[in-house]
1. Can you tell me the orientation of helix 104-113 relative to the chain, as the angle in degrees between its alpha-carbon axis and the longest Cα principal axis, to the nearest 10?
2. Calculate for the chain the 222 nm mean residue ellipticity that helices alone would give, adding -39,500 (n - 2.57) per DSSP H run of length 4 or more and normalising by residue count, nearest 500 deg cm²/dmol.
3. Can you tell me the order of 413-426, 85-98, 354-367 when each peptide is scored by its average per-residue count of other Cβ atoms within 10 angstrom, highest first?
4. Among residues other than residue 313 whose Cβ falls under 13 Å from its Cβ, what is the net charge (Lys/Arg +1, Asp/Glu -1)?
5. Could you tell me whether segment 186-335 comes out rounded, prolate or oblate from its Cα gyration tensor? Rule is a ≥ b ≥ c as square roots of the eigenvalues, rounded for a/c under 1.5, then prolate if a/b exceeds b/c, otherwise oblate.
6. Charges on Cβ only, +1 for Lys and Arg, -1 for Asp and Glu, centred on the Cα centroid of the chain; of 314, 71, 359, which one is farthest towards the dipole's positive end?
7. Using the crude model of +1 on Lys and Arg Cβ and -1 on Asp and Glu Cβ, and no other charge, please compute the dipole size for the chain relative to its Cα centre, in debye to 20.
8. Taking all pairs of distinct Cα atoms, average 1/r, flip it, and tell me the Kirkwood hydrodynamic radius of the chain in Å to one decimal place.
Amino acid sequence: MTHDHDLVLRPTEAQRAAALAPPPGRTGGDLVVETLCSLGANTVFGLPGRRALALFDAVGRSDLRFIGLRTENNAGFAADAYGRMTGEAVPLLLSAGPAALMALPALAEAAAASAPVVAICAQVPVAGLGGGRRGHLNELRDQSASFREVVKSVHSARTPSQIPSVIAEAWESALTAPPGPVYVEIPEDVLRDETVIPQVTGVDATPHELAPRPELTAVAAHWLENAARPVIIAGGGVIRSDAAGKLRLLAERVNAPVVTTYGGKGAFPWTHPLSLQSWLEDRHTTDFLEDADVLLVVGSGLGELSSNHHTFFPTGRVVQIEADLGKLESNHAALGIHADARLALQALLETVAEREDPTAPDRVRLLLTDIASRTTQAPSPDPFPAQASSSAPGQASDPEPAAGQASDPETQLRLLASIRAALPPRSPSFWDMTALSYRAWSAFDPKHPNTMHSAQGAGGPGYAFPAALGAAIAEPGTPVLAVSGDDGAMYAIAELATAVQHALDVTWLIVDDGDDDAPRETGAAPTRPDFAALAASFGVPATTTTPQSLRADLTKALKSPGPSLVLLHPRGARA
C-alpha cells in the first residue's frame with residue numbers, strides 16, 4: 001500500500017541535468033534570488049548596503065525587477081503597499097545594522113495592517129554573531145531581537161543549504177492568515193561565498209487556510225437570524241481576505257446595518273441602504289452599535305480607533321471573527337471564531353436563514369442624516385486624544401477654527417468632495433497622518449474595496465507617498481493619489497527621485513496647512529520649503545492650487561502620465 005506521505009516528487013530529466021551541472025560562480029545571494037523566483041516573486045524593494053552587496057548583485061543577474069528607494073523606511077512603506085494591493089508576499093531587501101533598523105517603523109505599520117512583507121536582511125559574518133562584540137561594522141548584539149516584537153515571525157539561515165527552506169518557511173508565514181511581515185537574516189559571508197548547491201526549483205510555500213469551527217458558526221447563525229437589532233462591524237480582515245462580496249450577501253440576508261472600521265473602508269458599499277459608512281468617532285454611531293442585541297465583528301480587534309477610543313461598550317451578544325488569535329476577545333467578551341473572514345462568512349452564508357426587517361434602512365438613514373447635520377460643526381477628529389471625549393461632534397469644547405483653515409470642518413468636507421470627484425473610482429489613494437486624513441477616515445467614500453489606505457494601523461508619519469509608489473508598481477497604468485500634510489511630506493521628499501526614475505503615475509497632494517501666526521507647541525511648526533519649487537528641481541510638474549480650483553487641478557494632474565505634485569494652501573497663497 002502506498003501512503004500519501006510516501007509520495008515524492010521526482011525531478012524531470014531537465015532538472016536532473018541542471019542539478020548535476022549548476023552554473024559556476026553562484027553564491028548564497030543567488031540561492032536567495034532563485035528561491036524568491038521559485039516562489040513567484042517578480043518585484044523586490046530595498047536599498048543596497050555593504051553587507052548585502054552579494055544579494056543585490058544576484059538580483060542584478062536575475063529577472064527580478066528591483067525598485068530601490070532612498071531610505072529603508074520608505075522602501076518598507078512601498079513594499080507594504082505592494083503587498084496590500086496584490087495580496088502577494090513581497091520581498092524587502094536590506095543591509096545590516098542601522099540599515100535594517102531604519103525599516104522598523106515601516107514593518108510596524110505592515111504588522112498593524114497585516115501586509116505580507118518578507119524582509120530579508122543581511123548580517124555581519126557568521127564569526128561575528130552571538131554578541132561576541134568583535135567590532136564588525138554594522139554589528140548589533142542581537143539584530144533579530146530588534147524585530148522579534150514587531151514582525152509576525154523571525155527566521156535565520158546560517159549556511160547556504162538552509163536558505164531555500166528558511167525563505168520558504170518565512171514566505172508561508174507571511175501569507176498565512178493573518179498575513180503580516182516576517183524577518184529573515186542571512187550573514188554576509190553566507191550571501192557572498194560561492195556554493196555548489198544546485199539551482200533552486202520547485203519550492204512550495206502554500207499558506208495554510210484558517211477555517212472556522214462549524215459548531216461556532218452554527219451558534220452565530222442562530223443568533224443572527226433570531227436577532228431583533230443585528231449590526232455588523234467590518235474591519236480590515238474583510239478587505240485582506242477579499243470577502244466584501246460575501247459580507248454584502250450576509251448583511252442583506254439578515255438585514256443588518258454595516259459600519260466599516262477605518263482599515264475596513266470599502267468593505268461595504270458606501271451608499272448601500274444598510275451602510276452606516278465609517279463614522280466611528282461619532283458618539284451617536286457608538287450608541288447605535290451599543291444598542292445592537294447581536295453585534296457581528298468581522299476582521300477587527302475593536303482597538304482604539306475602531307471603538308471610539310475605547311468608549312464603546314456593547315450591551316448585547318457579540319460574535320467576533322478574527323484571524324489573529326491574540327485579538328479574539330481582547331477588548332470585549334464574545335463568541336470568538338478564530339478564522340479567515342472569507343471562510344467564516346461563507347460558512348455563515350451556508351447556515352443562516354433569511355431575516356426580515358423593513359425598518360433597518362430607515363434606522364440607518366436617520367442616523368446618517370443626524371450625523372450630516374452635525375458634522376460640519378465638528379472639529380477635526382484627533383486619532384490619539386489625551387482623553388477620549390464622549391460628546392457629540394457638535395458639542396466640542398475647543399474654539400471654532402477660522403474659516404478656510406484645513407481644520408475647519410466645512411473646508412475639510414469640501415476638499416474631500418473635490419478629491420473624490422477628481423480621483424477615478426478604482427484608483428487607490430494613500431493618506432498620511434494629517435488633519436484632512438483624519439476626516440477622510442470617516443467621511444471619504446473609497447468607492448471600491450482595497451482602494452483607500454493610510455498609516456492608521458501604527459500611526460507612523462510619512463507613509464503616503466512611498467506607499468503610493470509601491471501601489472503604482474503593483475498596478476501600472478492606474479493613477480495613484482498620495483495625500484500628505486506639510487510636515488509629513490518632509491519624511492518622503494527624497495522619493496520624488498524614485499518617482500521620476502521609474503516614471504510612476506503618482507500624484508502627490510500636499511496640504512500646506514501650517515499656521516505660522518498661531519501659537520503652537522514647540523517644534524510643531526517647523527520651517528518648510530517651497531514644495532512646488534522643490535518638486536520642479538526633481539523634474540516633477542507642480543501646481544499650486546486653492547480649495548476652489550482643487551478639483552480641476554487634481555483631475556488634470558491625475559490624467560497626466562508620470563509623477564506630479566499639487567500643493568494646496570487651504571487659506572490661500574502662503575506669504
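Every number here is computed from the coordinates shown, using simple stated rules; none is lab data. Just so it is clear, the structure is predicted and the values come from calculations on it, not from any experiment. Virtual Cβ from ideal backbone geometry, glycine too; neighbours counted across all protein chains shown.
1. 60 degrees
2. On the way: 22 runs with 202 residues, N = 575.
Value at 222 nm, helices only, nearest 500: -10000 deg cm²/dmol.
3. Ranking the peptides 413-426, 85-98, 354-367 by packing returns 85-98, 413-426, 354-367.
4. On the way: positive: 283; negative: 287, 290, 291.
For residues surrounding residue 313, the net value is -2.
5. Prolate is the answer for segment 186-335, as a/c is 1.5 or above and a/b outweighs b/c.
6. 71
7. It comes to approximately 800 debye.
8. Kirkwood hydrodynamic radius for the chain: 25.2 Å.
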